[in-house]
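Student: Below is a structure I'd like to ask you about.
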Amino acid sequence: MTASNISIAVNKSADDDAIRIEDVVDTLSDMLILITIVPSMLFIACMIYAICSEITLRANVKHIYLCYLVICDNIFLLSITIASIFYLSRTYFNVGGCRIYMNLYRGLFNNGICCITMMAVERYVAVCHPLRYHAILTQRFAFRSLGVIWFFSFLLPLAEICYLISSDRVAFEHTMYMCDSMHIQDNSQMWEILETVRTSVLVILFVSSVITLITTYVFIVKVAKRACTSQVESSKAKNTVLLHMVQLILYMGAFAIQLCYLLIEMFVSKYELKSALKAFVYLLLFVWPRFFSPFLYGIRDEEIRRPLKRMLGQLHALAKVRPK
């Protein structure tokens, strides 16, 4: 064997080793994401059970909105889990199916923003109009408002899905390795129009939500200072709306993920560190904001803590039972 052949063989072996290392790192990063998502989904499922198992919680408009929000978050995390499983199993995505998935994801995202806004409005009515609270915010009103939220959140995504199925059937004949917005773009005029409409709707939705949250916070602060004899009650009302604002910011942080990935690619050269940072950014911007709301609201709300403690006690009792 000549020196050149030996050099080629060594280089090929080194390339194969590098590819194997990259595959291992990618797999570990995806498994980390998957392992983090599953406990979050379990906790959210416990929250849903705790709210639905109590008659008083089911009848409370505040908890109806919270339950709806955590259900949307759980479906969102479930969709991420399915996509991660496909990626881990090295299964190729259908391009048309990926676009449908991305539109359903956008609908769930819009749902979350609208629901956070309605939760702030509910707190405004509870603090500023307590005598009219039960007359304004009835169960019927809550479910009707959720129906309106559902309709408008999925109006544009469903219209895009219908257009895709009727006019772009070629997309269903191609496959892709990774399903995200970066890999399904094309240069057609219709795609540019859809992208402009999507961005405009999102900006309008975000600005409307921010204005609503700021307005409700200002009114709650004014009324709380006049009406609340206890500083604790005043602080609790203000902190609730501030939490809604923080949650909205965390939700919108998901749109910074592509910028974060680009910065990581530009300034980080080591592949292992690059993959670890991408996994951390994904967890920070996509997964943890969905875990934030049920975890924080579940801890702060005494009415939710009671059924959660009872459920944990039942699980602990079942774990202590040993078959004879």
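Student: How do 195-203, 238-246 rank on mean C-beta neighbours within 10 Å, highest first?
Tutor: Values: 195-203: 12.8, 238-246: 17.9.
Going from most to least packed, we get 238-246, 195-203.
Student: Around Ile136, under 14 Å between beta carbons, what's the net of Lys plus Arg minus Asp minus Glu among the other residues?
Tutor: Numbers: positive: Lys62, Arg123, Arg132, Arg140, Arg144; negative: Glu122.
Local net charge: +4.
Student: On a full-extension model of 0.36 nm per residue, what is the gain between Arg226 and Phe143, subtracting their alpha-carbon distance, rounded to one decimal in nm? Walk me through the numbers before you get to the answer.
Tutor: Working: separation 83, 0.36 × 83 = 29.88 nm, distance 3.22 nm.
Full extension from Arg226 to Phe143 adds 26.7 nm.
Student: Please compute the length gained on full extension between Val201 and Arg306, using 0.36 nm multiplied by the number of residues separating them and subtracting their Cα-Cα distance.
Tutor: Working: separation 105, 0.36 × 105 = 37.80 nm, distance 3.98 nm.
Length difference between fully extended and current span is 33.8 nm.
Student: Given Leu164, Val148, Leu77, which one lies farthest toward the positive end of the charge dipole of segment 66-169, if we put +1 on the Cβ of every Lys and Arg and -1 on the Cβ of every Asp and Glu?
Tutor: Val148
Student: Sticking with this one: Show me 158-164, 74-80 ranked by packing, highest mean number of other Cβ atoms within 10 Å first. Write down the numbers at each step before the final one.
Tutor: Values: 158-164: 15.3, 74-80: 18.3.
Ranked by mean Cβ neighbours within 10 Å, highest first: 74-80, 158-164.
Student: Give me the dipole magnitude in Debye, nearest 20, for segment 83-161 about the Cα centre, with unit charges on the beta carbon: positive for Lys and Arg, negative for Asp and Glu. If you can, show how the numbers build up before the last one.
Tutor: Values: 7 positive and 2 negative charges, 15 e Å.
Around 80 debye, computed over segment 83-161.
Student: What is the sum of charges around Val125, taking Lys and Arg as +1, Asp and Glu as -1, for the other residues whose C-beta is under 12 Å from the C-beta of Val125? Could you put the intermediate results ahead of the total?
Tutor: Numbers: positive: Lys62, Arg123, Arg132; negative: Glu122.
Residues near Val125 contribute +2 overall.
Bear in mind that the values in this text are calculations on the coordinates, not laboratory data. Predicted model, so just to flag it, every value in this text is computed and none were measured. For neighbour counting, all protein chains shown are included, and Cβ atoms are generated from backbone atoms with ideal geometry for every residue, glycine included.
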